[in-house]
Amino acid sequence: MSRLRVLVVDDERPALDELAYLLGRDPRIGEVLTSNSATEGLRLLQEQDVDVVFLDIQMPGLTGLELAQVLARFKVPPPIVFVTAHEGHAVDAFDLRAVDYVLKPVRADRLAEAVRRVVSGGERSAPSMDAQIPVERGGVTRFVNRSEITYVEAHGDYARLHTATGAHLVRTPLSTLEEEWAPAGFVRIHRSLLVSLAHIDEIRMDGGRCSVRLAGPEPVELGVSRRHTRELRDLLLRRAGS
């Protein structure tokens with residue numbers, strides 16, 4: 001296999017240098033190009049061929065998401081891996097067919113997994129909504145279908161998975177589940193809540209406060225934080241329109 005030629009785009013120089021350094025150590029990577037703005041990155045991509053773009057999201061001027069929308073119109077769009085400190089854009093990123101979504105600070109092993117997904121053509125280790133999640137209770141391990149999980153609640157380094165029939169505690173931080181489950185339609189609505197879009201049947205606005213109702217034998221209503229309200233409403237409307 002020929003080694004990959006990659007472009008890293010990030011407006012923060014320390015983050016740009018660190019990511020370029022880590023990628024340069026990967027034996028599957030050949031050349032690493034860098035750009036400190038999405039506009040400059042677009043110019044480079046119009047002039048040169050690259051195998052994958054590692055792209056920050058929040059940047060002055062043209063954002064990473066906007067650049068990805070432009071690249072999607074290329075005759076042969078390059079694969080994109082978003083690398084960001086912002087957790088709330090995972091579903092938008094995968095709507096743009098991103099190969100992966102990596103949260104800062106970037107771990108070398110997590111970056112290596114992103115490169116593996118690029119090499120394997122975007123294959124993810126758990127793309128199916130019916131992936132089975134092992135949970136333990138009283139020394140017994142059972143498996144819960146992810147498609148049955150309606151929302152996830154943060155409990156420090158743990159997370160509580162809620163289904164129509166009960167709740168299960170797993171030793172995984174909410175941020176990790178958000179990153180890994182974004183392709184399956186899970187989105188952050190609050191710093192302590194992750195919700196399955198498939199289970200939302202109603203979004204409500206009351207006195208400037210937003211909430212969502214989750215369908216089920218006993219419907220659940222969850223509050224949406226102000227910082228996530230607009231993004232969630234736009235996302236649900238786009239999905240309904242499509």
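In µm²/s, what is D for the range 161-242 at 37 °C and 0.692 mPa s, where D = kT/(6 pi eta Rh) by Stokes-Einstein and Rh is the Kirkwood radius from Cα pairs? The partial results should precede the final answer.
Values: Rh = 13.5 Å.
Diffusion coefficient, whole number: 244 µm²/s.
Report, in debye and to the nearest 20, how large the dipole of the range 95-200 comes out about its Cα centre when Lys and Arg carry +1 and Asp and Glu carry -1 on their Cβ. Before the final figure, lay out the partial values.
Numbers: 14 positive and 13 negative charges, 29 e Å.
Taking the Cα centre of the range 95-200 as origin, the dipole is about 140 debye.
Return the loop-located trypsin sites (Lys or Arg not before Pro) in the range 88-120 (DSSP other than H, G, I, E, B) with at most 14 other Cβ atoms within 10 Å of their own Cβ; answer none if there are none.
Sparse-neighbourhood loop trypsin sites (Lys or Arg not before Pro): Arg97, Arg107.
For the range 175-228 and the range 149-170, what is the centre-to-centre distance using only Cα atoms, to the nearest Å?
First find each Cα centre; the distance between them is then 13 Å.
Go ahead and estimate [θ] at 222 nm for the chain from helices alone: -39,500 (n - 2.57) per DSSP H run with n ≥ 4, summed, over the residue count, rounded to 500.
Result for the chain: -9000 deg cm²/dmol, rounded to the nearest 500.
For the range 1-154, with all protein chains present and a 1.4 Å probe, just round the carbon and sulfur fraction of the accessible area to a whole percent. Spell out each step's value before the answer.
On the way: 3830 of 7890 Å².
Using a 1.4 Å probe with all protein chains present, the range 1-154 comes out at 49 percent carbon and sulfur.
Where only protein heavy atoms count, and the probe is 1.4 Å, what is the accessible area per residue for the range 60-207 in Å²?
That works out to 50 Å² per residue.
Lys/Arg Cβ at +1, Asp/Glu Cβ at -1, dipole of the chain taken about the Cα centre: which of Ala93, Thr63, Leu33 is farthest positive-ward?
Ala93
Mind checking the per residue accessible area of the range 19-58 for me, 1.4 Å probe, whole number of Å²? Walk me through the numbers before you get to the answer.
On the way: 1920 Å² over 40 residues.
Ligands and nucleic acids excluded, the result is 48 Å² per residue.
One-quarter of the Cα convex hull surface for the chain, in nm²?
Mean projected area for the chain: 15.0 nm², to one decimal.
Treating the range 71-122 as a set of equal point scatterers at the Cα positions, no solvent, please give the Debye-formula log₁₀ I(q)/I(0) at q = 0.21, 0.26 Å⁻¹.
Cα-only, vacuum Debye calculation for the range 71-122: -0.77, -1.06.
The values are calculated or read from the model by the stated rules, or taken from the named source; none is laboratory data. From a predicted model like this one, the values you see are computed outputs, not experimental measurements. A quick note on method: Cβ atoms are made from the backbone with ideal geometry, for glycine too, and the neighbour counts reach across all protein chains shown. Accessible surface is based on the protein model in full, side chains and every heavy atom, while ligands, DNA and RNA are left aside. Shrake-Rupley method; radii C 1.70, N 1.55, O 1.52, S 1.80 Å.
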